[in-house]
Amino acid sequence: MFLVLLSCIVNLSLGRLSNGTQLGGWTDINNLNDPKIQAIAKFALEEGSKQMKGLNLSFVSVAEGKQRTVSGYAYKLIIVASSGSNQSKYEAEIWVQPWKKFQKLIYFTLTNNKV
C-alpha cells in the first residue's frame, strides 16, 4: 500500500498522469463529433461572429482539436464554417469550467486555410 501511495505522489510531483500525459499539456481530442465538443465549437463560432461584426457564420464541422486541463478545461479547435457559399477555417480557444456552467472564448481568428 505504501508503495502504491508513494508511486502516486511521485507521478503527481512529476506532473504526469498515469497514461503518460503531462498535466497542463495539450492532447488531441479523439472524437471531434462528440456532442460536447460540437457544442463548444458552436459556442466559439457564435461568440467569434459577434466579435467580427457583420460576419454571419454557419457551423460546418470541427476539423481538428486539442484539449488540456487548466482550472477546468481549455480547448483549441479548428472550426470549419460557411458564409454564403464560401467555407473557411477558424481557430478558437475556449476555456470551460463545467461545474460553474462557465465558458469563455479566449480568441477566435481566421486561419489561412480555405476549405
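The values are calculated or read from the model by the stated rules, or taken from the named source; none is laboratory data. Small disclaimer: the values here were computed from a predicted structure and weren't measured. Here the Cβ positions follow ideal geometry from the backbone for every residue, glycine too, while neighbour counts run over all protein chains shown.
So that you can scan it fast, the table gives a plain yes or no per residue for (1) surrounded by 16 or more Cβ atoms within 10 Å (Cβ to Cβ); (2) more than 21 Å from Pro35 (Cα to Cα); (3) within 10 Å of the chain's Cα centre (by Cα):
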{"position": "Met52", "(1), (2), (3)": "no, yes, no"}
{"position": "Val60", "(1), (2), (3)": "yes, no, no"}
{"position": "Glu64", "(1), (2), (3)": "no, no, yes"}
{"position": "Thr69", "(1), (2), (3)": "no, no, no"}
{"position": "Lys76", "(1), (2), (3)": "yes, no, yes"}
(message) Considering only the stretch 85-92, I want to know if a residue exists there that is within 10 Å of the chain's Cα centre (by Cα), in contact (Cβ under 8 Å) with a residue 24 or more places away in the chain and within 19 Å of Asn33 (Cβ to Cβ).
(response) yes
(message) Can you pull out every residue in the stretch 27-56 that is in a helix (DSSP H, G or I), at pLDDT below 95 and either over 18 Å from Phe108 (Cα atoms) or among the charged types (D, E, K, R) (or both)?
(response) Lys50
